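The values are calculated or read from the model by the stated rules, or taken from the named source; none is laboratory data. As the structure is a prediction and not an experimental result, all values here were calculated from the model. So basically every Cβ, Gly included, is an ideal-geometry build from the backbone, and we count neighbours across all protein chains shown. To get the accessible areas, we keep the full protein, side chains included, count just its heavy atoms, and leave off ligands, DNA and RNA. Shrake-Rupley method; radii C 1.70, N 1.55, O 1.52, S 1.80 Å.
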Amino acid sequence: MTNEPNSNALSLQLLADRSLIRAGAHSTRYFTATLVAPTAERREQPLPVNVALVLDRSGSMSDARKFELAREAVESALGMLRKTDRFSLVVYDDHIDVLARSTLATDTARRNALRALAEIQPRGSTDLGAGWLTGCEQVAEHLDRSGVNRCLLLTDGLANHGITDPGQLAMHARELRVRGVVTSTFGVGADFDERLLRDMAHEGGGTFTFIEGAAQIPEAVTAELGEAAEVTVREASIRVDAPEGVRVEVLNRFRSSTDPATGSLVVVIGDLVSNQEITAALSATFPTGEIGEQVGIRFSALEQDHNVLGAGGKLTWTFATHSENDAQARERAVDRAVASVFASRARAEATEANRRGDLATAKRVLIGTARRIKGYAANDGELRQLAQSLEAAVSEYSVAEMSPYALKASLYAHENALKSRTPSGRATRRES
Amino acid sequence: MGLIVGTFDLQELASQAGVTARTIRYYIKQGLLPSAESRGPLTRYGAGHLDRLRLINRLKQGHLPLSEIRLRLEDLDDEAVRRILENASPRKPQRSAAAYVRDVLAQRTRHPDASSSFPSLHQVPVASTRLVASPSEAYGGSADEQENTLHGSRVKSEPRSTWERIGLSPDIELHVRRPLSRQQNHQLDQLLKAARELISDDDS
């Protein structure tokens, strides 16, 4: 069941929950694919950074020193750049101002940008779409495909002017990602549209960060930029090649696509930073077969331009009788990883049900998932505790409508869990 | 396609072909591209390398894995590669990111109040955000035969609040977060009335 880790700098480790499948029925089996990126020291030199900082300057940003702290964040962020990196600075309300066109991060350029920013005061409503797109344009005009090209959008409000449809904004984010511009979003406070910012980041290949209080703005922005400077693998993905008749699906919230020519499933992970660890949980549904016959699924780790990185492997299952299947041992590490993903999905679904006032569905989802986890938990303490925590969550999601803050915090927590990131939204690093 | 003359260093070749230098080195290592004839700082690549890179790109866009592409290329000389490229149907070049943004912003400027011609994700199913199964139905330990169902449909709900600008004079605005309670609306009306009277007194 276990693939031997590859010796290359990027490692791909595979683990399946069980090794036998039913000869006379369609079996579903679960497995995990864990990518660990090489450390930054292994690269020849750091990747060049080309970043746009896009700040909401609408009237509400004057509350609680939000804009003042955003200015501090910009100053800290610019201080992190090398002189060979590029930056641009855009502010928007219902009017867009490019305070600094894309330029190399020299001392003079930074000073000029900060001086221009110091004169900006919050005002007006929110043309988020045009502000963000203008930042993306600045990145695009100096796109360096060998480097990190990213637009960082910080807002406390909605898109209530210009392009307001969340679906369109997410689509534009996807189109720009395909063309090399990654979007990361930061939402501050209680009033922004968290699903909009989450979807823009998801489609845009970046990260969404929920900032509860204005005081956290500088740290959040600098953490994102710090990670951008530590990218060691660009546009990582996992290609899964299964034989005909075997259906493979990814359970986490990673983008995926099926190659129509080969039938391969490509799970898009995105940029990986130094020593980052990503675990994707997947399922495979098998056809029936002859006892003793084997079925294998091959995996390859890919990077930018779909180049194979060398890390790869194979998992193999064997057709067996019902009694052999029922008696086989389970790999508990996979059970726990997959159950954790389903628990996060249940909470995410309960959050959305609560948002639309459907408390009954919120409760049903949580209780149903808990019941199923208990069904295979047996004596495993972690699995039993996971099920119990879902049952306890009923009081949080299905008794009363959640506050705007609670909805945001819940969405954020589960988005991070489903993307194999820490609860605070940072890359999960393998302990060395 | 015109005849390519001259030679390129690695960066020039990468730029012409629309790939990274690292990709080129990888392809050489994997046998998809021949090595350059010289070595070191004087290393030059020829038109044949560029044609092969372009053909590799086209074949990748056709979803062929690199192993298959290598098989297809290994018996082709430079002339054969060039003939294939010339005979291939021309592809519509994908707009760059900068051109894409300019087009979107220009359309917005032309039609600020009309919905964009780009399809909305609310109408078009997006495979990349599809979830496998409803958590309430999946991962049954003994229910191997359960059929997974689609999940994750987007539910539209009203935003929780919006900000409204109320101009009091050319240089003074009031910002209000809606919705307000009845009492707050009444207070706002009184505030606006008093503010406008104050401003008009100053103007007179």
How many of the residues making up segment B:21-52 are open to solvent by less than 50 Å² (accessible area, probe 1.4 Å), within 14 Å of chain A (Cβ to nearest Cβ) and touching a strand residue (DSSP E or B) at 6+ places or on another chain (Cβ under 9 Å)?
5
Kindly list, by first and then second residue, each pair from a residue in segment A:332-347 that is of a type in the set (Lys, Arg) to a residue that is surrounded by 24 or more Cβ atoms within 10 Å (Cβ to Cβ), limited to pairs with Cβ atoms under 8 Å and residues at least 6 apart or on different chains.
A:Arg345/A:Leu251; A:Arg345/A:Thr369; A:Arg345/B:Pro135; A:Arg347/A:Leu366; A:Arg347/A:Leu390; A:Arg347/A:Tyr397
What do you reckon, is A:Asp97 of a type in the set (D, E, K, R) and either farther than 30 Å from A:Leu272 by Cα or out of contact with any strand residue (DSSP E or B) (no Cβ under 9 Å at 6 or more places or on another chain) (or both)?
yes
Quick check on segment A:189-212: of everything there that is of a type in the set (A, V, I, L, M) and buried (at least 23 other Cβ atoms within 10 Å of the Cβ), which residue is farthest from the other protein chains (Cβ to nearest Cβ)?
A:Ile211
Could you figure out which of (1) in contact with a helix residue (DSSP H, G or I) (Cβ under 6 Å, 6 or more places away or on another chain); (2) more than 21 Å from A:Ser344 (Cβ to Cβ); (3) among the basic types (Lys, Arg) isn't true of A:Arg239?
(1)
Which condition does B:Ile56 not pass, out of (1) at negative phi; (2) open to solvent by 60 Å² or more (accessible area, probe 1.4 Å), if it passes all the others?
(2)
Within segment A:80-89, does at least one residue satisfy the condition of being of a type outside the set (S, T, N, Q), assigned to a helix (DSSP H, G or I), touching a residue at least 40 places away in the same chain (Cβ under 8 Å) and within 28 Å of A:Glu194 (Cα to Cα)?
yes
Residues (open to solvent by 10 Å² or more (accessible area, probe 1.4 Å) and more than 7 Å from chain B (Cβ to nearest Cβ)) located in segment A:170-188
A:Arg174, A:Arg177, A:Val178, A:Val182
Evaluate segment A:107-118: report whether one residue or more is open to solvent by 20 Å² or more (accessible area, probe 1.4 Å), of a type in the set (A, V, I, L, M) and assigned to a strand (DSSP E or B).
no
Considering each residue of segment A:124-145, count those that are more than 7 Å from every other protein chain (Cβ to nearest Cβ) and not aromatic (Phe, Trp, Tyr), and give that number.
11
Among the residues of segment A:360-380, the number that are more than 27 Å from the chain's Cα centre (by Cα), more than 8 Å from chain B (Cβ to nearest Cβ) and open to solvent by less than 50 Å² (accessible area, probe 1.4 Å) is 2
How many residues, within segment A:207-218, are of a type outside the set (A, V, I, L, M, F, W, C) and at pLDDT 95 or above?
2
